[in-house]
Amino acid sequence: MGQSGRCDAENAAEVETLIGRRVVVRHRVGEKLSDAVGELGVEGADLIVQTRRGPVRVRRSAVTAVRAVPPPVPRRASLSAIARLEELCADAWPALVEEQLGAWRLRAAGGYTGRANAALAIGDPGMPTGAALDAVRAFADRHGIRPRAQVPMGSPWDRTVAAHGWVLDEGHAAGAVVSVQVADLGELAELVPAPEPCAAAGPEDAWWHLVLGRRPPSAAQRHVLASPRAAGFLLLRDEAGVAVAAGRAVVVDDHVHLSVLTVDPTVRRRGHGTRLLAGAAAWGRERGARWAVLQVAVHNTPALRLYARTGWTEHHRYRYLVPD
């Protein structure tokens with residue numbers, strides 16, 4: 001970073017190398033100098049800087065210097081925004097058994113996924129934290145699962161649970177640290193010209209085979225995946241009619257939650273994941289949603305690359321803690 005150059009003839013090529021990057025353009029406005037910070041573009045004889053307040057047009061002859069700058073530091077989401085999004089995601093991924101402990105949600109689903117088998121520890125459990133964690137243990141024992149708490153990272157709830165000796169669930173194969181990503185549905189729906197339609201009547205056998213393999217779904221899996229009334233199930237087929245990709249979307253309030261995005265390993269890197277995202281976005285918009293949300297383990301780099309390319313940004317992270 002840190003490149004700079006005057007916008008005269010001999011440095012024009014250097015300015016061209018900065019197009020598409022985040023820059024600061026120093027330029028003359030009357031007898032004063034002004035800075036415009038944002039993504040650099042070109043339109044005819046002018047430079048266009050996409051700032052937070054909108055595009056700024058700068059005549060090349062008025063430019064005194066241009067240099068690349070690092071991306072802005074993302075704003076941290078408020079605790080209330082984090083709590084609301086976590087509740088929406090929990091509603092979209094319903095456990096087979098759920099009990100309230102004050103504001104905490106104790107969940108069990110026969111061990112199917114960490115989300116459906118963890119206590120969502122957000123808010124006040126209505127008792128001292130130590131007693132609440134004892135209740136989490138007792139609930140887990142009754143339902144034959146490991147005691148586990150799901151807490152937004154860096155939150156007061158995270159610090160309180162960790163202070164009682166609970167540690168990162170490093171043995172959780174799906175990933176103990178999860179990124180919660182959000183996107184604008186309008187942008188997602190425009191990823192491909194004609195998103196695939198999304199069937200809402202219920203998943204067919206080909207959908208289950210892609211998501212779970214050839215084994216039939218258990219009662220817990222069927223409940224988690226297929227019980228929400230506002231769920232849609234995407235199934236993409238190739239030219240021969242063979243199912244190659246499957247997705248699941250649930251509308252909760254003004255969000256559509258994307259919880260399944262599966263592509264047959266033999267046909268990956270052909271755009272099927274992007275088509276699923278666009279199809280789910282179009283389906284969610286038709287049902288009144290404005291935003292999309294999904295959860296992805298931070299070690300799943302191929303998925304994170306796909307989401308970065310298609311306009312998703314990280315809202316916050318959560319982690320699973322277990323008794324030491």
| query | Within the P(r) computed for the range 165-324, what percentage of the Cα pairs occupies the region above 26 Å? | reply | 28
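Classify the range 215-293 from the C-alpha gyration tensor, please: rounded if a/c falls under 1.5, else prolate or oblate depending on whether a/b exceeds b/c.
Because a/c hits 1.5 or more and a/b fails to exceed b/c, the range 215-293 counts as oblate.
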| query | How many Å² of accessible area per residue for the range 127-278, probe 1.4 Å? | reply | 48
| note | Fraction of alpha-carbon pairs in the range 94-241 farther than 19 Å apart, rounded to whole percent, equals 63
| field | the range 205-324, dipole about Cα centre (Lys/Arg Cβ +1, Asp/Glu Cβ -1), debye to the nearest 20 | value | 160
| message | Need one number: nm distance between label points at R28 and E239, each 7 Å from Cα along Cα→Cβ, rounded to one decimal. | response | 6.1
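How many percent of DSSP beta bridges within the chain run antiparallel, rounded to 5? Don't jump to the answer; show the numbers that get you there.
Details: 68 of 74 bridges.
Of all bridge pairs located within the chain, approximately 90 percent are antiparallel.
If R0 is 56 Å, what FRET efficiency do you get for A138 and R57 from their C-beta distance, rounded to 0.05?
After rounding, the FRET efficiency stands at 0.30.
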| message | Once the convex hull of the alpha carbons of the chain is built, what does its volume come to per residue, in cubic angstrom? | response | 179
| Nearest 0.05, what FRET efficiency do R270 and E99 give at R0 = 41 Å with Cβ-Cβ as r? | 0.40
| query | If we sort 227-234, 298-305 on the protection proxy, mean other Cβ atoms within 10 Å, highest first, what's the order? | reply | 227-234, 298-305
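The values are calculated or read from the model by the stated rules, or taken from the named source; none is laboratory data. Here the structure is a predicted model, which is why all the values come from computation and not from measurement. Cβ atoms come from the backbone with ideal geometry, glycine included; neighbour counts cover every protein chain shown. These accessible areas exclude ligands, DNA and RNA; they are computed on the full protein's heavy atoms, side chains included. Shrake-Rupley method; radii C 1.70, N 1.55, O 1.52, S 1.80 Å.
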